[in-house]
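The block underneath contains the structure these notes are about, expressed in structure tokens.
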Amino acid sequence: MQDTAPAHRNQMSRELPKWLAVPILTLILSACSQAPANRTTPNAMDPKGFGGRIVMGEFWIQFWMGTAVFLTVMAILIYIIYRQRANRRAPDLGIDLHEPEKGMLWVWVGGIIVPVVILSIIFGLSVGSARALATPPEPEQITIEVTGHRWWWEVRYPQLNIVTANEIHVPVGEAVRIELRTNDVIHSFWLPEIMIKTDLIPGQLNAQWILVEEPGVYRGVCAEFCGLQHARMHFMLVAEPRERFEEWVEKASSPAQAVPDDELAQAGQEVFLSTSCFYCHQIRGTSASGSVGPDLTHFASRLTLAAGSMENNIGNLGGWILDPQHIKPGSLMPPTDLTGEELQALLYYLSTLE
Ligand SMILES: [Cu+2]
């Protein structure tokens, strides 16, 4: 009886070979790769923008040229091994393995001429792609100013009188200019499906253009390590048809109500204006005009909270206001002590900021 148990265990370990650990682990880990706020991880291999398509075109050309070179070299190698063996097996066939002139030809053609030709082609194509990425296919009508903060994105539309945060709305199929500045350290603005990265450098104005080809919500990230919460510095790009975009502009450019209509919202606004919130946050139309944190004028219409960390809903918002340091340790918003009633009113007020 005692002997059967170890024997059984032995059999089990023989059934699951060790090398299977890698594929199994990969499967398990890939299930963990869900992006914050439940939105899919951006995929640069699946471009949805004009710039992204240029990059992918360049990638595939280089990939297939590299593959062709690799396969050619391998084929030659295999042929040489085969010939050596054939020669050893039957030396009297008269294959001469020592042909110095032919050897030099290999060096000239395979070692110099072919690489120079291939690298020149790749260089020429890359220069073409770089030039195509530098200028938009049509002049931009809209300019958006994006400022990087630790760890969120300030978004302004100077021509349209809009200030928002962590969310950029653009009309689909139109080139849009993005001007990039930073308030503190170096960040990098990256919409993997739409365009290449552009760094945000202190004291310098950088710019890129984007042209989204399919309506949708795309996740953008900070692609330059910028401190504790670098990994939670995301933003959403909402690309909509022209009419939908204009509806958004109309809403987003209007101020909030100076005094809300109903009582609970008024009580919530009172909490906002009498605790610390207004020092750091702006709600246009009210006396709150802080600029340390994101503008909250139309906060309720945003998809995410705290730079893409979470879905924007009442539960997450309550947790965020009471203890931001639990959700985003090191972030520049302090916890606020509120009574249950104050919190309810404040949450309600914020949810009316459509
Ligand atoms: Cu950053």
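Readers should treat all values here as calculations from the given coordinates under stated rules, not as data from a laboratory. Keep in mind that what you see is a predicted model, and the values were worked out from it rather than measured. Glycine gets a Cβ as well: all are built from the backbone with ideal geometry, and neighbour counts include every protein chain shown.
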Legend entry - Any chance Ala165 is within 16 Å of the ligand (Cβ to nearest atom) and either polar (S, T, N, Q) or surrounded by 19 or more Cβ atoms within 10 Å (Cβ to Cβ) (or both): yes
Inset, instruction - Inspect segment 260-273 for any residue being more than 15 Å from Trp152 (Cα to Cα), within 26 Å of the chain's Cα centre (by Cα), away from the ligand (no atom under 16 Å from the Cβ) and free of Cβ contacts under 8 Å to residues at least 40 places away in the same chain and give the result as yes or no. - result: no
Legend entry - Within segment 168-179, considering residues that are of a type in the set (Val, Ile, Thr) and free of Cβ contacts under 8 Å to residues at least 60 places away in the same chain, the one farthest from the ligand (Cβ to nearest atom): Val176
Legend entry - Criterion (farther than 30 Å from Ser351 by Cβ, out of contact with any helix residue (DSSP H, G or I) (no Cβ under 6 Å at 6 or more places or on another chain), of a type outside the set (A, V, I, L, M, F, W, C) and away from the ligand (no atom under 16 Å from the Cβ)) met by exactly one of Glu224, Glu214, Glu193: Glu214
Legend entry - Pick from segment 278-292, criterion in contact (Cβ under 8 Å) with a residue 40 or more places away in the chain and in a loop (DSSP other than H, G, I, E, B), ranking: surrounded by the fewest Cβ atoms within 10 Å (Cβ to Cβ): Val292
Inset, instruction - Among the residues of segment 302-354, count how many are surrounded by 15 or more Cβ atoms within 10 Å (Cβ to Cβ), closer than 24 Å to Val217 by Cα and of a type in the set (Val, Ile, Thr). - result: 3
Inset, instruction - Look at segment 151-162 and say how many of its residues are in a strand (DSSP E or B) and within 16 Å of the ligand (Cβ to nearest atom). - result: 4
Legend entry - Lone qualifier among Thr147, Thr182, Thr198 - being within 14 Å of the ligand (Cβ to nearest atom) and surrounded by 23 or more Cβ atoms within 10 Å (Cβ to Cβ): Thr182
Inset, instruction - Restrict the check to segment 317-324 and report whether at least one residue is over 16 Å from Gln257 (Cα atoms), in contact (Cβ under 8 Å) with a residue 40 or more places away in the chain and in a loop (DSSP other than H, G, I, E, B). - result: no
